[in-house]
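Here the structure comes first, spelled out in structure tokens, and everything after it is commentary.
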Amino acid sequence: NYGIVGTIHTPSARTFEEGVHGATVYIGDPNQTVTLSASPFDWLEASFFYTNIQDRPYCYDFTSEFCLQDFKDKGFNVKARLKEQGVFPAVAIGLNDFAGTGLYSSEYIVGSYGINNIDFHFGLGWGTLNGSEDRIKNPLGSISDKFYERPTRLEDKGGQFQPSRYFSGEEVSPFVGISYALNNKILIKLETDNTLTPGQVGYEISKNKYSFGIDYAASDNFTIGISNERDTYLSLRFIYKSNP
């Protein structure tokens, strides 16, 4: 949904080929997001997003019409694949909104393993991807106790790198995703969605932890997707990518 190669809300260890550029338009509730992404290498993915969040004022001077508009935000994401699939799964590590306001701030480690037309994804999520009821203790805490403490305040109201937030928090959420290619046009997706609700973005309280989606490849470059996210609402996404 946010321009990262993955299932619906959760990422995968997959990336586009080297030189691919893409644009994703996501229409959901309460936010709508446009993401521009690029893969300078087949193991690296970077993206920039701009989002509109409904029912959240831009600022709190309620005498100003400017402040009464929907909240706007922007940020950057990056993902690096550490290894390709072989006997063992492909593995990737990523940061979302790593230098922004922190509304979407999250980190993850994810593995992907494909068998024929089924692709399995399994990982751990921090930050806004840490909304599961089945949280486990942060394994990085065995390296340093500092990983157990995630700062709640941002440096300079966001827009700055804040390494102390990365992969930190007392607990972390496991997630699972499955992608099934019905044919060369239709991709069916199912995931355990760990997005924090309501969180800072203001998503509705989830009715369950599963999201289901279908993608239709209208051409080699254009995909349309629809998903029922945590049984709370339907969303649409349009993806365009240019091949090298």
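Data table
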| read-out | value |
| --- | --- |
| Span per principal axis, largest first, for the Cα atoms of segment 32-133 (Å) | 62, 36, 25 |
| Cut-off under 5 Å, modelled amide H: who pairs with residue 98 long-range | 76 |
| Under 20 Å from the residue 78 label point (7 Å along Cα→beta-carbon), backbone N, segment 34-62 | 35-50 |
| Part-to-part distance (alpha-carbon centres) for segment 1-31 and segment 113-137, which is given in Å | 16 Å |
| Under 5 Å, built H, 5+ apart or other chain: amide partners of residue 6 | 12 |
| Contour minus Cα-Cα distance for residue 240 and residue 58 (0.36 nm per residue) | 62.6 nm |
| Descending semi-axes in whole angstrom, ellipsoid equivalent of segment 84-127, from the Cα gyration tensor | 27, 9, 8 |
| Accessible surface of the chain, 1.4 Å probe, proportion on carbon and sulfur as whole % | 60 percent |
| Selection from 37, 25, 178 lying farthest towards where the dipole of the chain points positive, charges on Cβ | 178 |
| Relative compactness, segment 169-244, computed as alpha-carbon Rg over 2.2 N^0.38 Å | 1.28 |
| Sparsely packed chymotrypsin sites (Phe, Trp or Tyr not before Pro) within segment 54-100, loop by DSSP, other Cβ within 10 Å at most 13 | 60, 62, 66 |
| Mean accessible surface per residue for the chain, computed with a 1.4 Å probe while every protein chain stays in place, in Å² | 52 Å² |
| Mean separation of Cα contacts under 8 Å, 6 or more apart, over the residue count of segment 31-135: relative contact order % | 16 percent |
| Isotropically averaged projected area of segment 116-242, using the convex hull of Cα atoms (one quarter of hull area), nm² | 10.1 nm² |
| Rg ratio (alpha-carbon, reference 2.2 N^0.38 Å) - the chain | 0.99 |
| Calculated FRET efficiency for the pair residue 17/residue 219, C-beta based, R₀ 22 Å, to 0.05 | 0.85 |
| Estimated distance in nm for a label pair at residue 176 and residue 66, the labels positioned 7 Å out from Cα along Cα-to-Cβ | 5.1 nm |
| Segment 131-215: chymotrypsin sites (Phe, Trp or Tyr not before Pro) in DSSP loop, at most 11 other beta carbons within 10 Å | 161 |
| Per-residue SASA entry for residue 190, accessible area with 1.4 Å probe, Å² rounded to 10 | 80 Å² |
| Cut-off of 10 Å, at most 15 other beta carbons, DSSP loop: longest stretch of the chain lacking such trypsin sites (Lys or Arg not before Pro) | 1-152 |
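The values are calculated or read from the model by the stated rules, or taken from the named source; none is laboratory data. On a predicted model such as this, the values are computed, not experimentally measured, just so you know. Cβ atoms come from the backbone with ideal geometry, glycine included; neighbour counts cover every protein chain shown. Accessible surface is based on the protein model in full, side chains and every heavy atom, while ligands, DNA and RNA are left aside. Shrake-Rupley method; radii C 1.70, N 1.55, O 1.52, S 1.80 Å.
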